[in-house]
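Right, one structure below, let's go through it.
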Amino acid sequence: MGAINLKTAIPGPKAAELLARKEKNVPSGPFNTMKTFAVKGEGALLTDIDGNTFIDFAGGIGTQNAGHCPPRVVKALHEQIEKYLHPCFHVMMYEPYIDLAEKLNGITPGNHAKKTFFLSSGAEAVENAVKIARKYTGRKGIVSFERGFHGRTYMAMSLTSKVKPYKYQFGPFAPETYKWPFPFYFQSGMPEEDLDDLLLNRYESFFLSEVPPDEIAAVILEPVQGEGGFNIPSKRFVQGVKKLCEKYGVLFIADEIQTGFGRTGKMFAIEHFDVIPDLMTMSKSIAAGLPISAVTGRADIMEAAGTGEIGGTFGGSPLGCVAALEVINTINSENLLEKAEAIGASFRKRFEKLKQSTPEIGDLRSLGAMCAIEFIDRDGKPNQPLVQKIMSIAHQRGLIIMGAGLYGNVIRLLTPLVVTEQQLEEGLQVLEDAITECCRK
């Protein structure tokens, strides 16, 4: 018997009742992938209110690298709840905050002195990394990349490169933000190195035509673009961007919010590129879904902000800190970096074969367990309707997956790294069958 166990249609009767209440009481703005409601999560499985059990390949949009309810995390949370909940670090400090800062200073790339502080969400981490970069450099401009995503608050949204649904009619946006093109090798029609050179030269021209480099505080880059469609740059490109930053005294910020904590087969994705960032933003899988985020950076940069200039009431909650410490322990003790590589290998093996007989599969991309399939139509253009059909079938058959990409034509997989081999193969088979069914019609 497989892990998927469906007892009703989706949504089932109990979920349908809750959906009616939701529509009456909750605005339609917050989107929902699955039209049902969770009551239990364990590892790579979610069970809904009607007793249906799903294999989860969405992982809370990348928050569940260590799986739903990791035992170490649950135990640590129960112990912490018995002590205190939230004295607020700005009022009376607590040791888990210091423990986690020490841990992140030690495991993030680079042997230099580092410091870390905590917030509640990924967008807050981005906002504060920008504040620190501006304070340290005395410059105002921030460069991000086309197809990038950095959050929904105003600065983070200004740095994001997708109008609908993230920016439409929400302007005006934060000033002194700029976009550089990102190397989208699929459909570029150019050899990888040629595209890298073209873009790096264009960035140099940007400093002549748009803004002088002495007005740019930082460049922020996702080592692998998440919402943009899991676009993976070359090592040569990322190193070229870092060299350009060093040349002009611009800080390099690695946004590891979706890529961090084992997702790509390294603790942090930037390690694949042999680049040491000046600042890093982290959240999502840092604490198995509890709301906490971090900014880690060179100690001298982090000290640029004076006392009281950065922080937040709920930043670095005790529950988030103890959870994060146990997530890191889980990643190490359960060899989740190696498991991420194995998940990616299984994905490539299965879907590279399918791609040969399925022209609608335009591209496969993966780095560790950060995996994506891009779909195109007969003319080679993005095929978002096909993705919607595939996802709908997969959902009804018990597999949770999500879309991504500027055109919504990418299926992204953020499988919990604790997924068993049997669960992984079962889920991949559901996806393969859904693709085959939709593409053979």
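The values are calculated or read from the model by the stated rules, or taken from the named source; none is laboratory data. In this text, all values refer to a predicted model and were calculated from it rather than measured experimentally. Every residue, glycine among them, receives a Cβ derived from its backbone with ideal geometry; neighbour counts consider all protein chains shown.
Structure values in brief
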quantity: Test: residue in the stretch 43-57 that is surrounded by 15 or more Cβ atoms within 10 Å (Cβ to Cβ), over 29 Å from the mean Cα position of the chain (by Cα) and assigned by TED's automatic domain parsing to the domain that holds K389; calculated: yes
quantity: Options L100, L119, L104, L159: the member that is surrounded by 14 or more Cβ atoms within 10 Å (Cβ to Cβ) and in contact with a Cys (Cβ under 7 Å, 6 or more places away or on another chain); calculated: L100
quantity: Output for the stretch 339-360, where each listed residue is assigned to a helix (DSSP H, G or I), touching a residue at least 60 places away in the same chain (Cβ under 8 Å) and not small (G, A, S); calculated: K339, E341, I343, F347, R350, F351, L354
quantity: Set G405, G398: member being more than 18 Å from M34 (Cβ to Cβ) and small (G, A, S); calculated: G405
quantity: Failed condition for I270, given (1) in a helix (DSSP H, G or I); (2) surrounded by fewer than 21 Cβ atoms within 10 Å (Cβ to Cβ); (3) in contact with a strand residue (DSSP E or B) (Cβ under 8 Å, 6 or more places away or on another chain); calculated: (2)
quantity: In the stretch 258-282, the residues that are at positive phi and touching a residue at least 60 places away in the same chain (Cβ under 8 Å); calculated: F261, G262, G265
quantity: Condition check for G189: over 24 Å from K114 (Cα atoms) and surrounded by 13 or more Cβ atoms within 10 Å (Cβ to Cβ); calculated: no
quantity: Verdict on A345 being buried (at least 17 other Cβ atoms within 10 Å of the Cβ) and either of a type in the set (G, A, S) or not assigned by TED's automatic domain parsing to the domain that holds Y84 (or both); calculated: no
quantity: Meets criteria (modelled with pLDDT of 95 or more, in a helix (DSSP H, G or I) and within 20 Å of A38 (Cα to Cα)) for I393; calculated: yes
